[in-house]
Every structure is written in structure tokens, then in C-alpha cells.
Ligand SMILES: [Zn+2]
């Protein structure tokens, strides 16, 4: 294996730092959730089924841009497993041109999708925080698709691809009922911002719903 560049090392550190942040926010607790970043000529993915807040840069899977493994054999020999999210991340990279993807298990998402009347989309309008989604303005209506959950993460692939092929304008996420969401951005910082905004929007929807006020649709 070639010697990692300074940028590749920095991206590995960033991925671990984001996992710790997201763990503290409850987005990847109980070993769930995950992150993937593009780094130069490769894709970085956190390992599966481990405490995400303790992942070290040396434990990150590195795949070529065609998703062929580079260091999988080395990490598998250490007992680490590539995330079942990998084909889902790949579909998002290929269909959206994203530079980073976050898989969040935020409880705010799960609750927001269960409000009466919410079917295959969540939507908001006239909320200042919508401006945090790339290209969206305050009064504009913004919608994201919801797909049904499956027993295994990898089984989400076909419905995720269908949702990506008919994404509402400017949507930067696909939500998964009873599960969480896949959120992306041009780079790690934009994906993080989008994840924070969608989390805020769902918290807002949940708070409004608990007060019996206007809700998401
Ligand atoms: Zn998941």
C-alpha cells in the first residue's frame, strides 16, 4: 500500500473527529450510523459495528473511487468489517456527485417521520434555518423523500436509488422510516451543515407537533 499523503491523513483525522461529534449528538450511538468522505483519489468509510466515537484513523476503510477495496484485507485481519452502508454511500456519490455522506440515526428524524399525515415526504417552508440547505431560501418549500426501512441496511439500496432518481429539487437527504437518514454535501463541512439543519428542522417539527401547532407535511 502506498504511503498516505498529508491530505489523506488529515481527512482520516477529520472523519474520526466528526464521528465523535455525531456520537455526542446521538446520531451514531450504539455503533449505528456512519460517515464517508471523498479524499483525493479514494473514498473513506468508518468500520461497521464498532463504537463510532472510538474509531481511529488507522481503522478507516479506504476504497478506490470505483469502490474496489484498498486496505480491506488488512483491516479485516484486525477483525474490522466494512459497513453495510458502503453500497448506499456509493449510490449517493454516483447519483449526486457528493463529496461526503453522513448516515444519522437521530431520534428526531425517526419521530418526525411518524407524525400523522407524513407519508413519502417530509416538508418545511417559511423557516429561517432552511437557508442552511444549499440554494434554499426562507419562504421556499423544501421536501425530502422517505423510503421504508428493511431488516438489513444493504437491502435499502433499490429504494434509495429510486428516491435518488426522483429527488425533490435541492433535497440533500433521503430519510428512512423508523431508522434515520442519509445526508450529503459537496464536502464534509457541507454534509455536516446539512445534517445539522435537517436535525433542527425535525426537532422543530416535533416541538410544533407536541404543542398541537403547525407541523411538517
Ligand atoms: Zn442505519
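Read-outs: derived from the displayed coordinates by stated rules, not from any lab. Source: prediction; values computed, not measured. Glycine gets a Cβ as well: all are built from the backbone with ideal geometry, and neighbour counts include every protein chain shown.
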Search segment 155-168 for residues being surrounded by 15 or more Cβ atoms within 10 Å (Cβ to Cβ) and within 12 Å of the ligand (Cβ to nearest atom), and hand back the single one that is farthest from residue 95 (Cα to Cα).
156
Test: residue in segment 169-189 that is out of contact with any strand residue (DSSP E or B) (no Cβ under 8 Å at 6 or more places or on another chain), within 24 Å of residue 53 (Cβ to Cβ) and within 16 Å of the ligand (Cβ to nearest atom):
yes
Of 126, 121, 134, 152, the only residue that is surrounded by fewer than 18 Cβ atoms within 10 Å (Cβ to Cβ) and within 16 Å of the chain's Cα centre (by Cα) is 134
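Within segment 12-54, which residues are part of a loop (DSSP other than H, G, I, E, B), farther than 19 Å from residue 190 by Cβ and more than 12 Å from the ligand (Cβ to nearest atom)? Quick ask: steps written out before the conclusion?
Residues of segment 12-54 that are part of a loop (DSSP other than H, G, I, E, B), as a first pass: 25-28, 32-33, 40-41, 46, 48-51.
Next cut, farther than 19 Å from residue 190 by Cβ only: 26, 32, 41, 48-51.
Residues satisfying the conditions are 26, 41, 50, 51.
Could you check segment 86-120 and list, in sequence order, the residues that are assigned to a loop (DSSP other than H, G, I, E, B), in contact with a helix residue (DSSP H, G or I) (Cβ under 6 Å, 6 or more places away or on another chain) and under 21 Å from residue 61 (Cβ atoms)?
98
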Can you tell me which residues in segment 102-121 are within 25 Å of residue 24 (Cα to Cα) and touching a strand residue (DSSP E or B) at 6+ places or on another chain (Cβ under 8 Å)?
102, 103, 104, 105, 106, 109, 110, 112, 113
